[in-house]
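Structure first, commentary second.
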Amino acid sequence: MASPPTATLAERLMIYLTTPIYYPNDRPHIGTAYTTLVADAVARYWRLVGEEVYSVTGTDEHGLKIAREAEEQGMAPQEWVDHIVERFHETWALLDMSFDDFIRTTEDRHRATVQAMFQKWHQAGDTYLGRYEGWYCVRCEAYYTESELIDGNCPWHGTPVEIHAEENWFFRLSKYAQPLLDHIAANPEFVVPETRRNEVIGFIEQGLDDISISRATLKWGIPLPWDEAQVAYVWFDALINYVSAAGYSDDPDRFTRQWPAWAHLVGKDIIRFHAIFWPAMLMSAGLPLPRQVAVHGHLLVGGEKLSKSNATQILPQELVETVGTDGYRHHFLRDVSFGPDSNFSWEGMVDRYNADLANDLGNLANRVLHLAEMFRDGKVPARADHGRPEEQALAAAAAEAAGSLRHYEQFKTKQAIDGVWGLFAAANGFVEATEPWHLDSRDPDRLDEVLNAALEALRVGAVLVSPSMPGAARRLWDKLGLPGRPDDGPLAETATFGVFPESTVSKGDPLFPRIEG
């Protein structure tokens, strides 16, 4: 069986980027928000360079866990998820997320797509009726073998599992083991980082068992098109959201331009669903595979995975109250590397805020804007002499910083932001070296050049931080008195160091007040 082709970026008409869809059982914690934040920053980068982008997040609203939680609340499942989903919208608005679509698995467009996909597998001969009995984690909505359990508990949640047994429909996952291996071999960037790719290969090479894809005793789900007494297994229902949101059933023209996805961003605990089950499902349906499944580690608190049960769950709202939305975004994008597990600490977040935002960027902006107001009433002539070594070094730093944004293409948010901070370090050094506070009486023409160059560094800096801190970028842009927005793009033009245009700048309130105590 031949492996489906993967479209190259040059062949793609749209950057289609997804997060997992999340269980709407509570407000999103910082671990859930991390995946969405990385996707948002990367989507903003692609828009900044001029690509057409479609970024998607959403909620996974079927399954046994949701049905039980609704029952505990004395509510119908639909009523329960409608109530909880609003908490996701509130959190994503608080964190300045810019997704293009929010898909819910209870929507008609998704229901139609799920039934169409299941019908394709059935017609391909990839489904059959059988009986399954196994250990089931309700929180994961997943079966585990005896060897995968840890002390008889779920390997991910550490909670007790249940024995489930019933007659239902199976998908011939075993049929796709070799095609999956062939595809990964031909497309080594299909799963990143390499450690996760090797994990997927090892899992496949152990042998793939066919998987149960329906439930007979559960009513909260999407009925199978050929057997309405059974509903779709929640994971096979949920994964299909990626083609539902791409327009499979309601916008075929957009689907043609958008699919296959440029990347699915997922946490390591759901890698086998996205890197094994999902591509096999697509192969069976005759659809091309996504270009990439990008896998990140867990956010840990005190060395433990975020969880309500061990009191490590932290909500974004609790942190934004102190560091603000942009401080929150900056910390998680610079201090958390995409790939390995990372530890979160309150002290580390505050230290990062004060060092990077209050000191490096905030003080630079306050200082330069204050000098412009003090010496030129905020109106700095559009003059610059890039032939001077100081300005040449600053222009070179700006070019290097702009180039560092390409790290977003590989989800290396830390490296992208590290590069941008090189520009702010250079700009602070430039101000110290040129001492503009001494120039008004000695060399007013040189003062104009220095202020113009420093303001230009701030202008370019506002463009470059717009993927990571869109709110701060807009506030700085407004202080600089510039028209439009810092993320108007295209990056190749807006991030080019030149002569700061004539405008009226205003210092105003500090961009990032220091956090004391």
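The values are calculated or read from the model by the stated rules, or taken from the named source; none is laboratory data. Just so you know, these numbers come straight off a predicted model, no measurement behind them. We place every Cβ from the backbone using ideal geometry, glycine too, and count neighbours over all the protein chains shown.
Observations, loosely collected:
- Just one residue in the set Leu482, Leu439 is in the same structural domain as Gly422 (by TED's automatic domain parsing), outside any helix (DSSP H, G or I), aliphatic (A, V, I, L, M) and free of Cβ contacts under 8 Å to residues at least 40 places away in the same chain; that residue is Leu482.
- Residue within region 506-515 that is of a type in the set (Ser, Thr, Tyr), part of a loop (DSSP other than H, G, I, E, B) and not assigned by TED's automatic domain parsing to the domain that holds Asn354 present: yes
- Here region 140-162 is the region considered, the condition is being at pLDDT below 80 and over 30 Å from the mean Cα position of the chain (by Cα), and the residue that is farthest from Lys268 (Cα to Cα) is Glu146.
- Just one of the numbered conditions (1) on the phi > 0 side of the Ramachandran plot; (2) in contact (Cβ under 8 Å) with a residue 24 or more places away in the chain is not true of Asp101: (1).
- Evaluation of Thr32 against (1) under 21 Å from Ile240 (Cβ atoms); (2) in contact (Cβ under 8 Å) with a residue 24 or more places away in the chain (one fails), failing number: (2)
- Taking region 14-123 and the helices (runs of 4 or more DSSP H) fully enclosed by it, the elements with 1 or more residues that are under 23 Å from Phe255 (Cα atoms) are at 30-48, 108-123.
- Within region 235-253, tally of residues that are over 15 Å from Ala116 (Cα atoms) and in contact with a strand residue (DSSP E or B) (Cβ under 8 Å, 6 or more places away or on another chain): 1
Matching residues to (1) closer than 19 Å to Leu315 by Cα; (2) buried (at least 18 other Cβ atoms within 10 Å of the Cβ):
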position	(1), (2)
Arg329	yes, yes
Phe338	no, yes
Asp341	yes, no
Met349	yes, yes
Leu364	no, yes
Leu369	no, yes
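- Condition check for Ile222 on (1) out of contact with any Lys or Arg (no Cβ under 7 Å at 6 or more places or on another chain); (2) in contact (Cβ under 8 Å) with a residue 60 or more places away in the chain; (3) of a type outside the set (D, E, K, R): one failure, at (1).
- Listed here are the helices (runs of 4 or more DSSP H) enclosed by region 148-254 that have at least 2 residues being assigned by TED's automatic domain parsing to the domain that holds Asp101, surrounded by fewer than 20 Cβ atoms within 10 Å (Cβ to Cβ) and in contact with a helix residue (DSSP H, G or I) (Cβ under 7 Å, 6 or more places away or on another chain): 177-186, 194-205.
- Among the residues of region 200-216, those that are among the aliphatic types (A, V, I, L, M) and over 16 Å from Tyr136 (Cβ atoms) comprise Val200, Ile201, Ile204, Leu208.
- Enumeration of residues in region 113-125 that are surrounded by 16 or more Cβ atoms within 10 Å (Cβ to Cβ) and small (Gly, Ala, Ser): Ala116
- For region 159-190, residues that are touching a residue at least 60 places away in the same chain (Cβ under 8 Å) and among the small types (Gly, Ala, Ser) total 1.
- Where Pro279 falls short, out of the listed (1) surrounded by fewer than 23 Cβ atoms within 10 Å (Cβ to Cβ); (2) farther than 20 Å from Thr32 by Cα: (1)
- Hey, Leu265 part of a loop (DSSP other than H, G, I, E, B), touching a helix residue (DSSP H, G or I) at 6+ places or on another chain (Cβ under 8 Å) and either assigned by TED's automatic domain parsing to the domain that holds Val56 or at pLDDT below 95 (or both) or not: no
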